[in-house]
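Student: Take this structure, written in C-alpha cells, and hold onto it; I'll ask about it next.
Taken together, the values in this text are just the output of simple stated rules run on the coordinates, not laboratory data. Fair warning: this is a prediction, and the values are worked out from it, not measured in the lab. We place every Cβ from the backbone using ideal geometry, glycine too, and count neighbours over all the protein chains shown.
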Amino acid sequence: MTRQSFVRTVCPPEGRLHDLVRSGSVAPLATPTRTPLVCDIDRCNGDLWITRTRSGVEMSWQCDRCHRRGWISDWRQTSSDLSAFRSERDLPPSHSLVVTRREHWALRRLCFVSGECQKMICQGTPACSRVTLHGSKTHFEELGESILAEVWLVGPIREPLLSSVYRKVCEELGTTPGRLQHIPTAEI
C-alpha cells in the first residue's frame, strides 16, 4: 500500500484533525510527542502521539492503544498552524497549572485567545487524567481574561469547566477571582 492510499483510507479520530494539527505544529521535529489528546475511535481512549517529519512539512499521528495511525499534510499556514508563534519552551516557565482532560478540552475550544496562549495550551504535558500547562504570568493572565470574555458564550457543558479553570488560574497567580461572581454558574 502506498502512502498516498494510506492517507486516503485512514482519517484522524472524528473532530480531531484541528486539535492534532495544533499539537503537531508545536511539536519538535522528528520526535514522537505525546499529546494531551485522547483517541475516541471505537471508545479506545488511548493517548495520541504525533511526529513531525524532519522537513516539518508532514506529520503522522498514532494511538498508543489501538495503533491506528495516519498522515497529515498541507497543514502549514492553516488556521490550526501554531508554528509561527514564538516558543514558550525556550523560556523557563514561571507558572504551572494542572487541569483535568475535560478542562483541557474546554480550553482548546477558546476563541478569544492569542496564538501564543493557544500554543501554551497545546503544549500541555499529559499525565493520566490530567494535563499540566506551563507558561509565563502574562499568558496565564491572558488565559484568565479569555475565559472571562468567553464564559458567557459557551453552553452548559463548557461553562463549569472554564469556571473551574478560571479559579485555578486565579489561585496560581495569587489573585482574587472577584469578577467570577458575575458568572452565572453553580458552585463547583
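Student: Determine the sum of side-chain charges near R108: Lys and Arg each +1, Asp and Glu each -1, restricted to other residues whose C-beta is under 9 angstrom from that of R108. Spell out each step's value before the answer.
Tutor: Values: positive: R22, R109; negative: D19.
Local net charge: +1.
Student: Here's another thing I want to ask about it. Find out how many positive minus negative residues lie around R34, taking Lys and Arg as positive, Asp and Glu as negative, among other residues whose Cβ is under 12 Å from that of R34.
Tutor: Values: positive: none; negative: D47, D64.
Around R34, the charge tally is -2.
Student: Loop only by DSSP, 11 or fewer other Cβ within 10 Å of the Cβ. Give me the GluC sites (Glu not before Pro) in the stretch 54-136 that pass, ordered by residue number.
Tutor: Numbers: sites: E58, E88, E103, E116; in loops: E58.
Counting only loop positions with at most 11 other Cβ atoms within 10 Å, none of the GluC sites (Glu not before Pro) in the stretch 54-136 qualifies.
Student: Sort largest first and round to whole Å: the equivalent ellipsoid semi-axes of the stretch 88-182, each the square root of five times a Cα gyration tensor eigenvalue. Please list the in-between numbers first.
Tutor: Details: eigenvalues 73, 45, 32 Å².
Those come to 19, 15, 13 Å.
Student: Could you go through the stretch 66-76 in sequence order and give the Karplus-derived ³J(HN,Hα) for each residue, using 6.51 cos²θ - 1.76 cosθ + 1.60 with θ = phi - 60°, rounded to whole Hz, and x for Gly and Pro?
Tutor: For the stretch 66-76, the Karplus curve yields 8, 6, 6, 8, x, 10, 10, 10, 6, 8, 4 Hz.
Student: I want the local charge near T51. Using Cβ-Cβ distances under 12 Å, sum +1 for each Lys or Arg and -1 for each Asp or Glu among the other residues. List each step's numbers first, then the result.
Tutor: Details: positive: R34, R52, R54, R69; negative: E58.
Here the charged neighbours net out to +3.
Student: Something else now. What is the packing order of peptides 158-165, 147-154, taking the mean over residues of other C-beta atoms within 10 Å and listing the highest first? Don't skip to the end; give the middle numbers.
Tutor: Values: 158-165: 20.8, 147-154: 16.9.
Result, highest mean Cβ count within 10 Å first: 158-165, 147-154.
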